[in-house]
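Everything on this sheet refers to the single structure shown next.
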Amino acid sequence: MHGLGNDFVIIDARGAADPVTPALARALGDRHMGVGFDQLAVIHDDADADARLTFWNADGSTSGACGNATRCIARLLMDETGATRLRLRTEFDVLIAEDAGDRLTRVNMGQPALDWDRIPLARDVDTVSLPLPGNPGAVSMGNPHCVFVVDDAEGADIASQGARFEHDPLYPQRTNVEMVQVLAPDRLRLRIWERGVGITLASGSCACAALVACHRKELIGRRAEIVVDGGTLHGEWREDGVWLTGPTALVFEGVLSPEMLR
């Protein structure tokens, strides 16, 4: 599936053991010898929610949250069950997903973590304006983010800057990196470098982090249209969390070969 080009392999492990290991995630994530994905998502049974979700990056590391994958799985389960509202458990929290009409799906990504030790950062610093070149903001949406406000997102060198700041010592668990341009008080242009992946066309958690960081810098309100390389998402920071709305697409279904699993 994909959400605006942010693409996922989704494994339905309900009623079965979780087959995913770091080695399998890396093998499936290889776009030449595997399938290729920005994130691998696994659906598990859960006693108190509609499903439990886990996420993997293409380098075999885990990702605590993935907004677009959560929306994709919500749409998958809604189409399967006819439900219009779901509770999905992630490492971060139990997230609420809803049918937004017109085949759009929205998910409440929860409240952002803004304290330095919850993001987490290596030391106590101002998370609105970090002591790094460009004074980015720091946010966690269940995974860490480093948000740079730039004059020209199109011309931003997201490849070199993303690779550099993903591994900055201030972020002990590495970080996602965003370059965001404020186009209007309710419109952002966003370029994305995902931790453990690289440049991606879209990212739900990155879009939410950009909205929160820009609002905390008093550059925008609490609601914005967020233009990413793959299209447009809509974000709103409400009292109950950051809601993310956008389209999803089912591309194909398949079965992994015994050779690949070995």
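The values are calculated or read from the model by the stated rules, or taken from the named source; none is laboratory data. None of the values given here were measured: they were computed from a predicted structure. So basically every Cβ, Gly included, is an ideal-geometry build from the backbone, and we count neighbours across all protein chains shown. With ligands, DNA and RNA removed, areas are computed over all heavy atoms of the protein, side chains included. Shrake-Rupley method; radii C 1.70, N 1.55, O 1.52, S 1.80 Å.
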Inset, instruction - Lys and Arg at +1, Asp and Glu at -1: add these up for the other residues within a Cβ distance under 10 Å of R89 and post the number. - result: -3
Legend entry - Length-normalised contact order of region 108-252 in % [C-alpha pairs under 8 Å, at least 6 apart]: 22 percent
Legend entry - Residues with amide H under 5 Å from that of Q111, placed H, sequence gap 5 or more: V242
Inset, instruction - Mind pulling the angle between the C-alpha long axis of helix 67-81 and the longest principal axis of the chain? Nearest 10 degrees, somewhere in 0 to 90. - result: 30 degrees
Inset, instruction - Can you list which of the trypsin sites (Lys or Arg not before Pro) found in region 64-140 are DSSP loop residues with at most 15 other C-beta atoms within 10 Å? - result: R103, R118, R123
Legend entry - Modelled FRET efficiency - R0 30 Å, R164 with R222, Cβ distances, 0.05 increments: 0.50
Inset, instruction - Note down the accessible area of I119, probe 1.4 Å, to the nearest 10 Å². - result: 0 Å²
Inset, instruction - Pick out which of G246, G231, G67 has the largest mean-square fluctuation in a Gaussian network model of the chain, springs linking Cα atoms closer than 10 Å. - result: G231
Inset, instruction - Would you kindly state how much longer the chain becomes between V125 and A249 on full extension, computed as 0.36 nm times their sequence separation minus their alpha carbon distance, in nm to one decimal? - result: 40.6 nm
Inset, instruction - Express the relative contact order of region 174-240 as a whole percentage, based on alpha carbon pairs under 8 Å and six or more residues apart in sequence. - result: 31 percent
Legend entry - Under the Karplus curve 6.51 cos²θ - 1.76 cosθ + 1.60, θ = phi - 60°, whole-Hz ³J(HN,Hα) for region 83-93, x wherever Gly or Pro sits: 5, 10, 8, 9, 10, 10, 8, 10, 4, 7, 5
Inset, instruction - Starting at the first residue of region 221-238, write each ³J(HN,Hα) from the Karplus equation 6.51 cos²θ - 1.76 cosθ + 1.60 with θ = phi - 60°, in whole Hz, x for Gly and Pro. - result: x, 9, 9, 7, 7, 10, 8, 10, 4, x, x, 10, 10, 10, x, 8, 8, 9
Inset, instruction - Mind pulling the angle between the C-alpha long axis of helix 204-216 and the longest principal axis of the chain? Nearest 10 degrees, somewhere in 0 to 90. - result: 20 degrees
Inset, instruction - Find, to one decimal place in angstroms, the Kirkwood hydrodynamic radius of the chain, where the mean of 1/r is taken over every pair of different Cα atoms and then inverted. - result: 18.3 Å
Inset, instruction - On the full set of protein chains, 1.4 Å probe, figure out the accessible area of D45 and give it in Å² to the nearest 10. - result: 100 Å²
